[in-house]
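*Asks:* Can you keep this structure in mind? I'll have questions shortly.
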There are 2 protein chains.
Amino acid sequence: MKEWEKDCPILLTQRLISGKWKLSIIWFLAQNNVMRFGELKNAFDDSLLTQKMLTQHLKDLERDHLVNRQVYNEMPPKVEYSLTPTGKSFIPVLEHMEKWGQHYMHIHTDEA
Amino acid sequence: MKEWEKDCPILLTQRLISGKWKLSIIWFLAQNNVMRFGELKNAFDDSLLTQKMLTQHLKDLERDHLVNRQVYNEMPPKVEYSLTPTGKSFIPVLEHMEKWGQHYMHIHTDEA
DNA sequence: CTGCATCCGGAACGATACTG
DNA sequence: CAGTATCGTTCCGGATGCAG
């Protein structure tokens, strides 16, 4: 991308997780190991995630080697998603971010 | 925001760093401790960061208690930015993300 | 030097309908 | 069940010009 991206893998990381729901998707996959498309969709039940965005983000994540997509040629269709080794290696970072988020919330309880 | 944001401080974290250059700003401030507006702008010299975005991101970061903004009522104007304790507490997360980014680049050398 | 205001183009996001 | 296609909207980011 940019000249200084080589010096800032952070930007790469940021790019990979750019997308409103990607972190949540990884988060759910980290907890449940393997999830079908519908399961993933239901996990977001009370939110506004649409099938389109879920599909799109899953495609991105697959292209970025963070999730596996296992298709079963059956009827009815069945597609399972799981984290790749690379995706799993991101879990600690995710947990770190979560811990920091909790820390932040604990300090700045007044606002969102 | 959403019901499940309380269970996912990650989303809070993601929100705080949403913005194309915020991570880089924090990164520079982490390295240099205190930087003036112009210094910060020059640090991004070879990139496309405009003053508007820099100002806007700095305002966001200030509102989110991640950076301090120290104004000197002088002529010419002088404004210094530095990380707050909360901002500094984010540095390890940043480093974690950077290490993972390097790890990722090492494995997937072929693509961006 | 630092920062704000305005306009604008494109990307991201969202709702709905349709397909194998 | 697991998507694709289309359309509309919102929002982010960029260029320029102005102000204290």
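*Asks:* Please count how many residues of the stretch A:66-91 are over 21 Å from A:ALA43 (Cα atoms) and either under 13 Å from the mean Cα position of the chain (by Cα) or in a strand (DSSP E or B) (or both).
*Replies:* 3
*Asks:* Looking at the structure I just gave you, is B:ARG69 within 11 Å of DNA strand C (Cβ to nearest atom), more than 16 Å from B:LYS88 (Cα to Cα) and in contact (Cβ under 8 Å) with a residue 12 or more places away in the chain?
*Replies:* Answer is no for this residue.
*Asks:* Which pairs turn up if I take residues in the stretch A:32-47 that are in contact (Cβ under 8 Å) with a residue 24 or more places away in the chain and closer than 15 Å to A:TRP21 by Cβ and look for partners that are among the β-branched types (Val, Ile, Thr) and in a helix (DSSP H, G or I) with beta carbon separation below 8 Å, at least 6 apart in sequence or on another chain?
*Replies:* These pairs meet every condition: A:LEU40/A:ILE25.
*Asks:* If I ask for residues that are among the acidic types (Asp, Glu) and either out of contact with any Ser or Thr (no Cβ under 9 Å at 6 or more places or on another chain) or modelled with pLDDT of 90 or more (or both), which ones from the stretch B:1-56 would you list?
*Replies:* Looking only at the stretch B:1-56, we keep the residues that are among the acidic types (Asp, Glu), and these are B:3, B:5, B:7, B:39, B:45-46.
B:GLU5, B:ASP7, B:GLU39, B:ASP45, B:ASP46, listed by residue number.
*Asks:* Sticking with this one: Residues that are over 27 Å from A:VAL93 (Cα atoms), within 16 Å of DNA strand C (Cβ to nearest atom), within 13 Å of the chain's Cα centre (by Cα) and assigned to a strand (DSSP E or B): does the stretch B:35-42 have at least one?
*Replies:* Checked against the condition, which is being over 27 Å from A:VAL93 (Cα atoms), within 16 Å of DNA strand C (Cβ to nearest atom), within 13 Å of the chain's Cα centre (by Cα) and assigned to a strand (DSSP E or B), the stretch B:35-42 yields at least one hit.
The values are calculated or read from the model by the stated rules, or taken from the named source; none is laboratory data. Keep in mind that this is a model prediction, so the values were computed, not measured. All Cβ positions, even for glycine, are placed from backbone atoms using ideal geometry, and neighbour counts span all protein chains on display.
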